[in-house]
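Heads up: the structure comes next, in structure tokens.
The values are calculated or read from the model by the stated rules, or taken from the named source; none is laboratory data. The shown structure was predicted, so the numbers you read here are calculated from the model rather than taken from an experiment. Please note: Cβ atoms are built from the backbone with ideal geometry, for glycine as well, and neighbour counts cover all protein chains shown. Note: accessible area is taken over every heavy atom of the protein model, side chains too, but ligands, DNA and RNA are not part of it. Shrake-Rupley method; radii C 1.70, N 1.55, O 1.52, S 1.80 Å.
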Amino acid sequence: MKHLVQIILSLTIAVGVMYFVYRDFPFSSVSHTLLYETKWQWVAVAMLSGSLAQAIRGVRWQILLVPIGERCMWRNLVGSIFMSFAASLVIPRIGEVSRCATLRKTDGVSFTHSLGTVVAERIADTLVLLLLIAIVFITQWQQVVSFFPSTTDVNGQAGSASWSPLSVAAIAVGVGLILIVAAARLYRRNKLFRSKCDKFKEGFLSVAQCGRIFLFILYTCLICLFNLLNLWLMFYAFDSTSQLGCQAALLAFCMIAFAMVVPTPNGAGPWHYVVSTSLIIYGVSKDNAASFALIVHALHVLTIILLGFVGMMIVKKTNQVKLFR
């Protein structure tokens, strides 16, 4: 029942935001773009880049599992990760739990141990992403401000009086301090929250004990790089976005991170809004920006489904091998 309510809520949010973004969009133009204006060689390279990012997650995960006594085949790690992203298309945020449960079935890995390492991975990914967001905020502040309607005038020019990097930083620090104090009180009073915090600690310890911290950092950066390339290379697949450079890709990529906080299937709705808005800020027409977001997101979903099928085949083969042993 809980999952059903979560699915209905996520779909409602996705449909609502999609309606807001595409209420006046000429959908007939999408088929023309796909048939006559899409450079599929760039699409293929971009999809390969995104797939490599997920495969590298498997290599990185193994680095964290070995020090805590959990040994498993690399192909099962990759397969479980592929399946986890596909599972999140149905139930948002279930991917991390899904891949830990899959690994317990294929290799007998402790669910608690694997979940602790997943937390460590997420923290590492977040730190790299925060670094990129900081770079974007410093180098593209006016473009970032343009996301907030109250800071723009009638001509669409970003204003400087309402927002500044210092004011945003002050608000962020204030909110952060409030959250830290609230978390500390909750940790003392709530056993369930305390146990989850202990898993965070366990995840951190797995990073410290892995003995290959440089390799872990390298893989984390490569995952972020290939995911960024996945979006950037898509620019070259369409005439309307082929002139855009790394700055536009970085802005959209960082804004996607905020959009993915909203629990919708693969960010549907908020993803489309932030990507199309990023392209409009860089001079792409409204219809072309909306078309790009719609097509690219659909291709991302298709990639996830295909990888999920591959992951399922890997896991199925492993179970069959075990039966015949």
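Find the residue count for the stretch 23-44, including only residues that are open to solvent by 70 Å² or more (accessible area, probe 1.4 Å), assigned to a helix (DSSP H, G or I) and closer than 23 Å to GLY269 by Cα.
Looking only at that region, the number is 2.
Residue pairs, Cβ under 7 Å, 6 or more apart or interchain, first in the stretch 85-106 and farther than 16 Å from SER10 by Cβ and of a type in the set (A, V, I, L, M), second open to solvent by 50 Å² or more (accessible area, probe 1.4 Å) and assigned to a helix (DSSP H, G or I). List them.
Between residues of the stretch 85-106 that are farther than 16 Å from SER10 by Cβ and of a type in the set (A, V, I, L, M) and residues that are open to solvent by 50 Å² or more (accessible area, probe 1.4 Å) and assigned to a helix (DSSP H, G or I), the close pairs are ALA101/PHE111.
Does ILE63 satisfy the condition of being under 17 Å from SER88 (Cβ atoms), touching a residue at least 60 places away in the same chain (Cβ under 8 Å) and of a type in the set (A, V, I, L, M)?
No; evaluated as a whole, the condition is false for this residue.
Condition first: among the hydrophobic types (A, V, I, L, M, F, W, C), open to solvent by 10 Å² or more (accessible area, probe 1.4 Å), part of a helix (DSSP H, G or I) and out of contact with any Leu (no Cβ under 9 Å at 6 or more places or on another chain). Now tell me which residues in the stretch 56-77 satisfy that.
VAL66, TRP74, listed by residue number.
Quick one: how many residues across the stretch 97-156 are at pLDDT 80 or above, open to solvent by less than 50 Å² (accessible area, probe 1.4 Å), of a type in the set (Val, Ile, Thr) and assigned to a helix (DSSP H, G or I)?
Number of matching residues: 10.
I need the full set of residues from the stretch 227-258 which are open to solvent by 50 Å² or more (accessible area, probe 1.4 Å) and either assigned to a loop (DSSP other than H, G, I, E, B) or aromatic (Phe, Trp, Tyr) (or both), in order please.
Within the stretch 227-258, TRP232, TYR236, ASP239, GLN243, PHE258 meet the criteria.
VAL261: modelled with pLDDT of 90 or more and either part of a loop (DSSP other than H, G, I, E, B) or open to solvent by 40 Å² or more (accessible area, probe 1.4 Å) (or both), yes or no?
no
Is it true that ILE81 is open to solvent by less than 10 Å² (accessible area, probe 1.4 Å) and not aromatic (Phe, Trp, Tyr)?
Considered against the rule, which asks whether it is open to solvent by less than 10 Å² (accessible area, probe 1.4 Å) and not aromatic (Phe, Trp, Tyr), ILE81 comes out as yes.
So, in the stretch 269-296, how many residues would count as being surrounded by fewer than 22 Cβ atoms within 10 Å (Cβ to Cβ), closer than 18 Å to SER28 by Cβ and among the aliphatic types (A, V, I, L, M)?
2
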